[in-house]
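This report concerns only the one structure given below.
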């Protein structure tokens, strides 16, 4: 059974970028040995976009598909202000149908994406399904309690 996803970021200065994720973004981490930090990520989702097939990285003797990391937020401009207060540089804001985005410069000079989605997200999908099921159960229970009959015209609500 698949139980998670493990992202790899290739960096020219991995130690500085690890410190950034630990101290600036405040992601909890485990030490896999020798200071090699593995970070707990926030909930994630995966989108598969068309590509030329040229965006690959050799890893474990395999040509792995290239990926991009975008962190998601609910208020991009507010998040950018918080990052700026910590000395973090963000790129210009770009607006698209799918949301507004920027890039975040890591200490190594590399960049990751940050965006505020304007589309439905898969994050919290299970919680939304559970909430909907509870509402349906409650409506069914109310209907049974009322004898399954609709309220008579002019009846007062309690």
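For segment 68-83, does any single residue satisfy the condition of being touching a helix residue (DSSP H, G or I) at 6+ places or on another chain (Cβ under 8 Å), part of a helix (DSSP H, G or I), at pLDDT 95 or above and on the phi < 0 side of the Ramachandran plot? For segment 68-83, residues touching a helix residue (DSSP H, G or I) at 6+ places or on another chain (Cβ under 8 Å), part of a helix (DSSP H, G or I), at pLDDT 95 or above and on the phi < 0 side of the Ramachandran plot: present. Looking across segment 94-118, just one residue is touching a strand residue (DSSP E or B) at 6+ places or on another chain (Cβ under 9 Å), part of a loop (DSSP other than H, G, I, E, B) and surrounded by 15 or more Cβ atoms within 10 Å (Cβ to Cβ), and that is 106. For the condition modelled with pLDDT under 95 and at positive phi, residue 147 qualifies. Filtering segment 1-49 to residues that are in a loop (DSSP other than H, G, I, E, B), within 14 Å of residue 107 (Cβ to Cβ) and in contact (Cβ under 8 Å) with a residue 60 or more places away in the chain leaves 9, 11, 12, 13.
The residue list 142, 128 contains one member that is at pLDDT below 90, out of contact with any helix residue (DSSP H, G or I) (no Cβ under 9 Å at 6 or more places or on another chain), surrounded by 11 or more Cβ atoms within 10 Å (Cβ to Cβ) and farther than 30 Å from residue 24 by Cα, which is 128.
The values are calculated or read from the model by the stated rules, or taken from the named source; none is laboratory data. Since this is a predicted model, take the numbers as computed values, not measurements. Positions of Cβ are backbone-derived with ideal geometry, glycine not excepted, and every protein chain shown enters the neighbour counts.
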